[in-house]
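Read-outs: derived from the displayed coordinates by stated rules, not from any lab. From a predicted model like this one, the values you see are computed outputs, not experimental measurements. FYI the Cβ positions are ideal-geometry reconstructions off the backbone, even for glycines, and counts take in every protein chain you see.
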Amino acid sequence: MWPLRVLGWFARIPLRLLMLLGHRGITHSLVACAAVALAASLLSREFAAGLAIGYLAHVAADACTPGGVPLLAPLTRRRWWLLPRRIRIPTGSLRELAVAATLAAGTVAGLVALV
């Protein structure tokens, strides 16, 4: 099944490129969010809006961790946080699980209220 292997290799190229950039690098900036939304707008405005909201939510969540995000990359390497140092949420911690569960429950409750 060599055609599928070749197709799979090409499909993974974007992921390989992102791996070179490192996690929470320029991909966690406003420039990256705008670029992704602009590219998605070629498909549809609704898709682009949803993707931008999700992308910004992900960046905002990472800005609540001790590592922060380079929000204004590539203009500056300075990292930004949404929470004071003492209440930042470490990735993989029980606090992260509690926050995620609370947000998920709130989302489900909101969706049920809409229906």
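Below are the figures for this structure:
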item: Calculated [θ] (222 nm, deg cm²/dmol) that DSSP helices of n ≥ 4 give over the chain, each run adding -39,500 (n - 2.57); result: -19500 deg cm²/dmol
item: Residues 96, 46, sorted so that the one with the fewest Cβ neighbours within 10 Å comes first; result: 46, 96
item: The chain: relative contact order as a whole-number percent, Cα under 8 Å and 6+ apart; result: 19
item: Phi to ³J(HN,Hα) by Karplus 6.51 cos²θ - 1.76 cosθ + 1.60 over segment 75-80, Hz, x for Gly, Pro; result: 5, 8, 8, 4, 9, 10
item: Sorted by Cβ density within 10 Å, fewest first, the residues 115, 69, 108; result: 115, 108, 69
item: For segment 29-115: rounded, prolate or oblate by the Cα gyration tensor [a/c cutoff 1.5]; result: oblate
item: Cα→Cβ-extended label distance, 7 Å offset, between residue 113 and residue 99, nm; result: 2.2
